[in-house]
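I have placed the structure first, in the form of structure tokens, so that the comments after it can refer back to it.
The values are calculated or read from the model by the stated rules, or taken from the named source; none is laboratory data. All of these numbers come straight from a predicted model, not from anything done at the bench. Cβ atoms come from the backbone with ideal geometry, glycine included; neighbour counts cover every protein chain shown. Ligands, DNA and RNA are stripped out before the accessible areas are found, and what is left, the full protein with its side chains, is counted by its heavy atoms. Shrake-Rupley method; radii C 1.70, N 1.55, O 1.52, S 1.80 Å.
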Amino acid sequence: MSSELTTAEQAALTSGGDFWHTTPVESAGIPGVTVTDGPHGVRMQAGEGDLLAGVPATCFPPAVASASTWDPELLRRMGEALGDECRAQDVAVLLGPGINLKRSPLGGRNFEYFSEDPILTGVLATEWVRGLQSRGVGASLKHFAVNSQETDRMRVSADVDERTLREMYLRAFQRVVTRAQPWTVMCAYNKINGVYASEHHWLLTEVLRDEWGFEGLVVSDWGAVVDRVASVAAGLDLTMPGPDAEGDAALVDAVATGRLDAALLETSADRVRKLIEKAGTRPAGGYDAEAHHALAREIAGRAIVLLKNEGDLLPLPTDGVTIGVLGEFARSPRYQGGGSSQITPTKLDDALTEITAAAGGQVRFAAGYGADGSTPDEGLLAEAVEVAQRSDVAIVFVGSVHETEGADRDSIDLPAAQVTLIERVAAVNPRTVVVLSNGAVIATKPWDEKVPALLEGWLLGQAGGSAIADVLFGRVNPSGRLAETIPVKLAHHPSYLDFPGEHGHVRYGEGLHVGYRGFDAQEREVAYPFGFGLSYTTFSYGAARASVTATGIEVRVPVTNTGGRDGREVVQAYVSLPGSRVQRAPRELKAFANVAIGAGETAEVLLTIDRDDLAYWDTRLGRWVVEGGEYLVAVGSSSRDLRATVTVHVAGDPARVPLTAESSVGEWFADPRGAELLGQAFAAATADAGSDSPISAMAADPAMLMMLGSLPLSRMAKFPGSPLRAEQLDKLVDAANE
Ligand code: BGC
């Protein structure tokens, strides 16, 4: 217990010793431990000066790619490998995963985040954390919460209604906290509804600890704390980086003067101590860099999404064709984003070398555009067109120029020089394949209509070059799926009118309708829908069956590989509740299964939907409610390719909202007991007034009754000739809620 420490020692323990270590307290024999970024590699700062120069480590695919695998098992293995690398470098906590929702395709850190969907994000991140922590290394679930933009990230207030907050922006955090108990949660920089995340008592204490049962410690994002005393009072334990002598002194003073409860500081110091003790028990270790490179390649290969493949242009044969490889990114890969997650890789594969090796030397290369990715260069362009003309197949590498923490993008379009390259190459070679490298969505319309094949290659980490060759030549049959919608244009996106806000506020105006939910609700055409991805084989679905269990719904569907190759299908279950009494998206992902199916074989696929995931947040009751009714479960290959539908009756949670005098006539009539009582009161009033009275006429007129529906009882009672009198109301309310 930290009660044997002085208040000053407790305060020191709750701020960092430097950029990457906790503060040691020598008098009590408490060592400092190392925490470091994160999330797709271990970024140990190499020297004193440059914060971003790291000791070489495996650069695994960033989350934009690993999430596109839709494979929790792969994420767990990635977490384990990261844990081994942490152990090799004596790291106690790896600062990841980043699980904020991708609210807008402009988000500067989308490459570090998983998805626009909270279930997909939560399922994948849970396994990542389990994998990492199985090695005795702690995770840091970040950035808690609603850090879905970089613009003004240190100050902006994300203004979100509570239902959206609970169902969308907090849902993945809740899942990971309750299922994997990350050692730490990192608070975000921004404010939520006007309060800094670092000072948000409701968020850090009432929700995170009291409701979800979080047992670990809350660490600040680097520099997120404005006022140490307010932060400790809200439930923040460790302020990073440090040292912060001034803040420590402020804490000591606040305890001495009674402004801060001494027990709160002691509890935070205890939590830091516990983390240090836990970290002390992990054995040292080493890792096999080649094996980790191979794992990075496997994940990257599974992350690539085949968006288009007309005439089965892909996979390419390894001999008998000449290949033109065009675009600087084939030689100088874009494989990760900028900022705190930037890894110094142990080695780096490039697609040009790997394609050349696979194709037995029948390869010619031309850069096509300037080395910076965006400067047009007529000479390089002409050379590329000439190579394309003389090749059987042209593969064009294009992508985003840079994506980095700290800044949002201002466009989702490719640089004009790259679009020109695609169009000019496609004009001379009908067998053109485009390979994209990007950390966030890129608009593909209208140029993708001019090419028969398109691979979404994301930012794939250090083995991306070999993974791209694996897919191009069919050593890997693509099975990656979009974890985010590719819109026809940015202006169609649900977030478009409210991103990134101004003057310190960003309004989450689309509410629940984040990503595909919004596109579906507004019946908007998209370029490629959420969940979409092709394979070199094909799958057919049989009829789905569903049954209700104690913990949710089980859906079974037979899926047959109808093509000539072994492959993987990502079977997705989307749920809707027609006639729901609350607003809902037309369909929501609730479960998925990633299954390997041999050519010609059929798999009986089981999808398990948790009852908790069917719940909506009822703002009147302040809790989760499963609404009873006939749920529609649509099973398919993407959010817009649903192959089998089944209806299942789910019993609802008791969720009666107490009636009051402020409840409307309509609400009273919607409630069985309320309807009975109000009906009696109206009948008595009409009987008293006689059958030709205005009250009776009103009661007999359906249009009038409809208009009365929105009238609160208290207001109705004030109308002259009302069938209700004010003095009746208390009794009526008591009787209704008995
Ligand atoms: C980032 C965090 C990161 C921290 C430490 C911050 O700027 O937002 O994600 O873990 O720096 O580098």
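Annotations
- Note on the range 108-120: among residues that are over 14 Å from residue 341 (Cβ atoms) and assigned to a loop (DSSP other than H, G, I, E, B), the one that is nearest to the ligand (Cβ to nearest atom) is 115.
- Within the set 217, 208, 204, the sole residue that is within 16 Å of the ligand (Cβ to nearest atom), at pLDDT 95 or above and within 18 Å of residue 264 (Cα to Cα) turns out to be 217.
- Looking across the range 372-391 at every residue that is polar (S, T, N, Q) and within 25 Å of residue 402 (Cα to Cα), the one that is most open to solvent (accessible area, probe 1.4 Å) is identified as 375.
- In the range 312-339, residue nearest to residue 537 (Cα to Cα) [restricted to those that are at pLDDT 95 or above and among the polar types (S, T, N, Q)]: 322
- Options 432, 420: the member that is over 26 Å from the mean Cα position of the chain (by Cα), without any contact (Cβ under 8 Å) to a residue 60 or more places away in the chain and surrounded by 24 or more Cβ atoms within 10 Å (Cβ to Cβ): 432
- Taking each residue of the range 722-737 that is in contact (Cβ under 8 Å) with a residue 60 or more places away in the chain and looking for partners that are surrounded by fewer than 13 Cβ atoms within 10 Å (Cβ to Cβ) with beta-carbon atoms closer than 9 Å, six or more apart or interchain, yields 733/658; 736/658; 737/656; 737/658.
- Restricting attention to the range 469-505, the residues that are of a type outside the set (Gly, Ala, Ser), surrounded by 24 or more Cβ atoms within 10 Å (Cβ to Cβ) and touching a Leu at 6+ places or on another chain (Cβ under 7 Å) add up to 3.
- For beta carbons closer than 8 Å, sequence separation of 6+ or different chains, a first residue in the range 499-521 that is closer than 18 Å to residue 153 by Cα and of a type in the set (A, V, I, L, M, F, W, C) and a second that is at pLDDT 95 or above and part of a helix (DSSP H, G or I), the qualifying pairs are 506/498.
- The listed residue being modelled with pLDDT of 95 or more and touching a Pro at 6+ places or on another chain (Cβ under 6 Å), out of 39, 61: 39
- Matching residues, the range 26-72, being assigned to a strand (DSSP E or B) and within 16 Å of the ligand (Cβ to nearest atom): 34, 35, 36, 37, 43, 45, 54, 57
- Among residues of the range 618-640, those that are touching a helix residue (DSSP H, G or I) at 6+ places or on another chain (Cβ under 6 Å) and among the β-branched types (Val, Ile, Thr), counted: 2
- The C-beta contact set for the range 196-212 (first residue under 20 Å from residue 179 (Cβ atoms) and touching a residue at least 60 places away in the same chain (Cβ under 8 Å), second residue open to solvent by 50 Å² or more (accessible area, probe 1.4 Å) and outside any strand (DSSP E or B), distance under 7 angstrom, 6+ apart or interchain) is empty.
- Filter result for residue 85 (more than 14 Å from the ligand (Cβ to nearest atom), in contact with an Asp or Glu (Cβ under 6 Å, 6 or more places away or on another chain) and open to solvent by less than 10 Å² (accessible area, probe 1.4 Å)): no
- Of the strands (runs of 3 or more DSSP E) lying entirely inside the range 121-199, those carrying at least 3 residues that are open to solvent by less than 10 Å² (accessible area, probe 1.4 Å) and within 15 Å of the ligand (Cβ to nearest atom) are 138-144, 184-187.
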